[in-house]
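The values are calculated or read from the model by the stated rules, or taken from the named source; none is laboratory data. The shown structure was predicted, so the numbers you read here are calculated from the model rather than taken from an experiment. Methodologically, a virtual Cβ is constructed for each residue, glycine included, from the backbone with ideal geometry; neighbour enumeration extends over all protein chains shown. Note: accessible area is taken over every heavy atom of the protein model, side chains too, but ligands, DNA and RNA are not part of it. Shrake-Rupley method; radii C 1.70, N 1.55, O 1.52, S 1.80 Å.
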Amino acid sequence: MKKIVAAIISIILAILLGGCSPKAPSVTVEEQDLIVVGFSQVGAESDWRNANTISMEKALSVENGYRLILEDAQQKQQKQITAIRNFINQGVDYIVLAPTTETGWDTVLAEAKEAGIPVIIVDRMIETSDLDLFTCWIGSDFRKEGDKAVEWMEDHLKGPLRIVHLQGNIGSSAQIGRTKGLDAGIGSHEDWQLVFRESGDFTQAKGQELVEKVLAKEIGFNVIYSENDNMAYGAIDALKTAGIKPGEDVTIISFDASNHALHLILDGEINYDVECNPLHGPRVQAIIEQLERGETPLKFTYVEEVSFDISNLAEEVIESRGY
Ligand code: AHR
């Protein structure tokens, strides 16, 4: 409504100013009419993240009536806090936050609330004692993703398992949920042993580095549980360089199910991949449209996700997956 009134006023101004003086500055009605969204993105650490950014850019485009201000935080929470403060100073209409970690948001979100700017959280969750600090959240059930991986391991692998665990960035919901799932699995199987655990920050380079480190230390293992696809790609490269066959000598479990990972399932190099869906742009757009109409969106929405191994992976799925 606010936007519509602003647009009408700017049209009247444009006509009046245009009529009074040929030198009057031109008013760009379209720009004034756009809904301004400040989006604080985690970074560009993975294919998932890049697909997520593209999805947001496509949905919150000028053609769709938005001006998107995108800030890449390079996986640093402090940069996100600074970005949110800048959005508040700029007086954006909405703030969208993809949080690096779960904790540490209360102060800056209270500032956004004080400024009257609705905050939509996407992808990962935040931990707060005051749920009124944000409007709503949409994202994945990361614990469920971890549980699915453990179920698959129970059904398909014979012990003893010696597990190398590549974690995502510590304190993020994606890391916390997927790690909890694995810990529960290890806790309930005497012949499952965790032989190595370290964070690879969700990047391919670190995934490779960590597996090289494990190999150099001559730690024996037969499973890699990688908390995302990019770290799995790095791990696979490290194994191949060492003459070890991924998918055969070592079972590879991964998360995201991005296009390249699905091809690696077909090639036999990834054994099981749990989907994490990055296409949040249209979902956020729908939430903003609801808010613009004065409606109240659901506070929490979990996205439906599937998982793949060689038994259920169809060519059509891979073809239709653009990320
Ligand atoms: O929060 C989603 C996770 O973050 C994805 O699994 C990972 O690839 C990304 O970087």
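To the nearest Å, what is the center-to-center distance of segment 70-98 and segment 171-240, using C-alpha atoms only? Here the two parts' Cα centres lie 31 Å apart.
Considered as an equivalent ellipsoid built on the Cα gyration tensor, segment 138-222 has semi-axes of 20, 19, 9 Å, the largest given first. Between F300 and L131, the distance separating the two model label sites (each 7 Å from Cα on the Cα→Cβ line) works out to 0.7 nm. The relative contact order of the chain comes to 16 percent, based on Cα pairs under 8 Å that sit 6 or more residues apart. Converting phi to 3J(HN,Hα) with the Karplus coefficients 6.51, -1.76 and 1.60 and the offset θ = phi - 60°, segment 273-278 yields 9, 8, 5, 10, 8, x Hz in sequence order, with x at every glycine or proline.
Estimated at 0.36 nm per residue, the fully extended path between E289 and S307 surpasses their Cα-Cα distance by 3.4 nm.
In this structure, the amide hydrogen of L70, modeled 1.01 Å from its nitrogen in the peptide plane, lies closer than 5 angstrom to those of F39, counting only residues at least 5 positions away or on a different chain. When segment 57-153 is described by a simple charge dipole with +1 on each Lys and Arg Cβ and -1 on each Asp and Glu Cβ, the residue from L70, L131, V108 located farthest towards its positive end is L70. With the simple spin-label model, which puts each label point 7 Å out from Cα in the Cβ direction, the E30 to V62 separation comes to 0.6 nm. For the chain, the pair-distance distribution built from all alpha carbon pairs, in bins 20 Å wide starting at 0, is 30, 48, 18, 4, 0 percent. Spin-label model, D155 to A242: label points 7 Å out along the Cα-to-beta-carbon direction sit 3.0 nm apart. When the Gaussian network model of the chain links Cα atoms closer than 10 Å, the mean-square fluctuations of D191, D155, D237 top out at D155. Rounded to the nearest Hz, the phi-derived 3J(HN,Hα) couplings of segment 221-238 under the Karplus curve 6.51 cos²θ - 1.76 cosθ + 1.60 (θ = phi - 60°) are 8, 10, 9, 10, 9, 9, 6, 7, 5, 4, 5, 5, 4, x, 4, 4, 4, 5, where x marks glycine and proline.
A dipole drawn for the chain from +1 and -1 charges on Cβ atoms has a positive end, and of A51, S61, I244 the residue lying farthest that way is S61. In the chain, a dipole from Cβ-located charges (positive for Lys and Arg, negative for Asp and Glu) runs towards its positive end, and of G220, T296, L161 it is T296 whose Cα lies farthest in that direction.
Averaged per residue, what accessible area in Å² does the chain show with a 1.4 Å probe, protein chains only?
Accessible surface, normalised per residue, equals 46 Å².
In a simple Cβ point-charge model (Lys, Arg +1; Asp, Glu -1; nothing else charged), the chain has a dipole of about 1020 debye relative to its Cα centre. Give me the percent of DSSP beta bridges within the chain that run antiparallel, rounded to the nearest 5. Beta bridges within the chain, antiparallel portion: roughly 5 percent. Amide H neighbours of W192 under 5 Å, counting only residues 5+ apart in sequence or on other chains, H built in-plane at 1.01 Å? Correct list: L161.
Note on segment 213-323: Kirkwood radius taken over Cα pairs, Stokes-Einstein applied at 20 °C and 1.002 mPa s, translational D equal to 135 µm² s⁻¹.
Which entries of K148/K299; K213/K245; K217/K240; K148/K213; K148/K180 have Cα-Cα distances beyond 19 Å here?
From K148/K299; K213/K245; K217/K240; K148/K213; K148/K180, over 19 Å: K148/K299; K148/K213.
Computing FRET efficiency as 1/(1 + (r/R0)^6) for E71 and K213, where r is the C-beta to C-beta distance and R0 is 35 Å, gives about 0.60. Here the sum of -39500 (n - 2.57) over DSSP H runs of 4 or more residues, divided by the residues of the chain, equals -13500 deg cm²/dmol at 222 nm, to the nearest 500.
Is segment 46-129 best put as rounded, prolate or oblate by its Cα gyration tensor, with a ≥ b ≥ c the root eigenvalues, rounded for a/c under 1.5, and otherwise prolate when a/b is larger than b/c, oblate when not? Verdict is oblate for segment 46-129.
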